[in-house]
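The values are calculated or read from the model by the stated rules, or taken from the named source; none is laboratory data. Values in this document were obtained by computation on a predicted structure and should not be read as measured data. All Cβ positions, even for glycine, are placed from backbone atoms using ideal geometry, and neighbour counts span all protein chains on display. Accessible surface areas use protein heavy atoms only, side chains included; no ligands, DNA or RNA. Shrake-Rupley method; radii C 1.70, N 1.55, O 1.52, S 1.80 Å.
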Amino acid sequence: MKTAVIYARYSSASQTEQSIEGQLHVCNQYAKANDLIVVDTYIDRATTGTNDNRAAFQQMLKDSETSVWEVVLVYAIDRFGRNSIEVAINKQRLKNNKKVLIFATQRTSENLDGTKNLDGILLENVYIGIAEYYSAELSQKILRGLKESRRKGQFCGGKVPYGYYVKDKKLHIDEEKAKIVRFIYEQYSAGVYVPKIICKLNEKGIFHNGKPFLPNAIYGILRNKRYVGVTEIRNEIYDNIYPQIVPKELFDKIKRKLAKNKLGSRSVKEIYLLRNKVKCGYCGHPISAECGTAKNGDVKRYYKCIGRKKYRNGCKKYSIRKDALENLVLDGVIQAMQDEKTINSLIRGLMQMQEKLNEERTTLKLLEKEKKQTQTALDNIIKAIERGIMSDSTNKRLHELETQIRDLDERIAVEQNKVAFALTEDDIRRYYLTALKQEPQLLINCLVKEITLYDDKMIITYNTPLNEGSDENRGFSFY
Ligand SMILES: [Zn+2]
């Protein structure tokens, strides 16, 4: 028996949305069928569109660092994140904490015992694509509405930055706090370090929610572009939403200073795309990512052979710049995936998987089973009533069961429709070609198994269940 938590999310942007109760129900059924003990549930109710603060989700991620439960159970992948990058990053976070992510209605890239399910990896890509597509389509209306409001200068939700307050749908400057914002900018500009700024604020008796400012809060303020009065949202520039608190020249000066200050940029987390995937071609040790500071203070990121660096095995492998290697691999993968033969075999495999999945129809079967059980319960109540047992509680129960059956019928209809809306070969092809251009990172994550790196060539081994192939790329020019 393994322990699990359930995460459920409801978004009012979608018309075909599964209710929280429905999601919980399917997850609980899955847990029962797979010997999982559900120890906790995390629920985010009614967050609209792609506006994503998801407090319960964040809490779940946080708890995953310290809790002993082993599995996160989610109704479907689109509950877990709105886009593939987000999904990939958060999944990695769970994985780092040794948690397994399972989707109750879909096959996933990882099995309950933590082994990889390669079919699932590919299918997951397609599901993410579809979830994104629908999310984008359904939230378009909402976005149009938001754009209208923003053009009128209205504040459309989200966190109100320090120094502002909302009144009549618009942001106004909180003069007391705006003074503090300017003080922080001026101090930093004059070369005062952040801990010292915090001391000065404390001495003045200025606190944030009753406590001294945290360094991150100060950096957050120093980095907040909105204080200059201009903001960019979805490729539109608005200068009528945030009244200006900090002069642009001062902000730009701080920006340059921050870029040079290592401490200030530490909170920005760098993603190493190829972590745990690269192997040294000469000595066979892993090539790991690391970060160093050049003499002029610039941060440089590298992939280095561990054999050479840590074990001093005499390996002569040069280290390679992070972005150079990552771009090279991206190019290699994109090129390989654009090969007509590869695309065709991928698509064939995906079509087969889809068929298999539709045959299995897990959700539909679960729903049908539940309907049968509910129907039996309903029949029993009716029999009891026929025998003359009639009370407020039987009446109430009768009503409940009837509502449940209506609800189940609806959900069964939706599931049945899903099969009718199966992806065509064209859909999959289109999705792949788009994903290749827009989110190659995700494909690398899922498709690249290993990269063997030499100084003048690399061999990429792919992870596909269809053709365990590898590619050789020769002739580097960036050493
Ligand atoms: Zn080596």
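For the residues 312, 308, the requirement of being outside any loop (DSSP other than H, G, I, E, B) and at pLDDT 80 or above singles out 308. Residues that are open to solvent by less than 40 Å² (accessible area, probe 1.4 Å), within 16 Å of the ligand (Cβ to nearest atom) and at pLDDT below 85 occur in region 322-342; there is at least one. For region 272-321, give me each residue that is surrounded by fewer than 14 Cβ atoms within 10 Å (Cβ to Cβ), near the ligand (Cβ under 10 Å from one of its atoms) and closer than 16 Å to residue 450 by Cβ. The one that is surrounded by fewer than 14 Cβ atoms within 10 Å (Cβ to Cβ), near the ligand (Cβ under 10 Å from one of its atoms) and closer than 16 Å to residue 450 by Cβ: 284. Cβ separations smaller than 6 Å between residues 6+ apart or across chains give the following pairs from region 306-323 residues that are closer than 18 Å to residue 457 by Cβ and in contact (Cβ under 8 Å) with a residue 24 or more places away in the chain to residues that are of a type outside the set (Ser, Thr, Tyr) and more than 7 Å from the ligand (Cβ to nearest atom): 318/455. Looking at 392, 426, just one residue is more than 29 Å from residue 341 (Cβ to Cβ), open to solvent by 80 Å² or more (accessible area, probe 1.4 Å), at pLDDT below 80 and among the acidic types (Asp, Glu), and that residue is 392. Scanning region 171-212 for residues that are open to solvent by 30 Å² or more (accessible area, probe 1.4 Å) and touching a residue at least 24 places away in the same chain (Cβ under 8 Å) gives 172, 173, 182, 186, 206, 208. The helices (runs of 4 or more DSSP H) falling completely within region 1-90 that include 2 or more residues that are in the same structural domain as residue 101 (by TED's automatic domain parsing) and at pLDDT below 85 map to 20-33, 77-80. Restricted to region 362-387, and to residues there that are modelled with pLDDT of 85 or more and of a type in the set (Ser, Thr, Tyr), the residue that is farthest from the chain's Cα centre (by Cα) is 376. Take the conditions assigned to a loop (DSSP other than H, G, I, E, B) and open to solvent by 20 Å² or more (accessible area, probe 1.4 Å) and apply them to residue 243. Does it pass? Answer is yes for this residue.
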